[in-house]
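The values are calculated or read from the model by the stated rules, or taken from the named source; none is laboratory data. Model, not experiment: these values are computed from the prediction. Glycine also receives a Cβ, built like all others from the backbone with ideal geometry; neighbour counts cover every protein chain displayed. Accessible surface is based on the protein model in full, side chains and every heavy atom, while ligands, DNA and RNA are left aside. Shrake-Rupley method; radii C 1.70, N 1.55, O 1.52, S 1.80 Å.
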Amino acid sequence: MTDPLAQIRVGIADDHAIVRGGLKEYVSQHPDMKVVGEAESGRAAIDLVRTTEMDVLLLDLSMPGQSGIDAIAMIHAKAPGVGILVLSGYPEEHYALPLIRQGASGYLNKECELAEIGRAIRAVGSGRRYYSSGVSQLLADSFDAKHDTQAHERLSAREFQVFLKLARGDASVGIADSLSLSVKTVSTYRTRVMEKLSLSSNSHLTHYALMHKLID
């Protein structure tokens with residue numbers, strides 16, 4: 001935003017109507033913000049940023065069909081001026097860094113205080129990133145050579161996407177279609193993921209993801 005007097009235009013993408021309603025009510029209480037659109041899936045979120053002028057998209061991760069995780073890269077590519085603020089029930093330590101690398105401008109857990117959501121919207125709406133205290137610590141640790149990172153934290157953004165889909169039992173053809181990749185490319189990513197995680201089968205991927213609470 002270039003005009004300090006202009007309202008921050010906010011989009012909300014969450015599959016639960018009650019969550020969207022609560023966020024919309026919260027935003028409406030602040031004269032410097034306004035909700036300009038809502039979406040109930042990752043696919044709908046992509047369509048929303050294509051058709052609606054906005055500054056910040058509040059994006060949930062776990063949604064039916066195309067998830068928020070799948071949508072981030074495409075939203076970032078199609079609407080680079082939109083700041084993506086992830087608001088998820090998943091713990092920061094499991095998802096924040098991979099998604100920030102993928103293009104998210106900030107990551108908040110849904111258990112955060114409402115006031116922090118407001119601070120994050122203002123930061124992202126002004127073109128900056130927003131890091132909660134937890135994410136800031138994760139970033140600091142990631143630059144510490146002595147920090148023993150989890151294997152999945154060393155995956156690229158696209159590898160992480162493919163990993164989660166494989167861990168949930170998605171077939172390569174379906175993954176290729178949802179991510180606009182060829183089946184051969186998905187196979188290549190699968191091989192890289194297996195090597196980086198030192199695993200040998202999709203069932204091992206699922207077990208790893210469950211153990212690290214990356215999937216439900």
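Quick notes on this structure:
- Selected residue (criterion: farthest from Ile75 (Cα to Cα)) from residues of region 174-210 that are under 22 Å from the mean Cα position of the chain (by Cα) and small (Gly, Ala, Ser): Ala209
- Extreme residue, nearest to Ser88 (Cα to Cα), among residues of region 29-53 that are open to solvent by 80 Å² or more (accessible area, probe 1.4 Å) and not in a strand (DSSP E or B): Glu40
- Residue count for region 99-124 satisfying the condition of being open to solvent by less than 20 Å² (accessible area, probe 1.4 Å), over 22 Å from His152 (Cβ atoms), in contact (Cβ under 8 Å) with a residue 40 or more places away in the chain and aliphatic (A, V, I, L, M): 3.
- Tyr26 satisfies every condition listed in (1) under 15 Å from the mean Cα position of the chain (by Cα); (2) among the hydroxyl-bearing types (Ser, Thr, Tyr); (3) over 30 Å from Leu181 (Cα atoms) except (1).
- Test result for Gly134, under 28 Å from Ala6 (Cα atoms) and in contact (Cβ under 8 Å) with a residue 24 or more places away in the chain: no
- Of all residues making up region 125-170, the number that are exposed (fewer than 13 other Cβ atoms within 10 Å of the Cβ), within 23 Å of Ile215 (Cα to Cα) and at pLDDT 75 or above: 1
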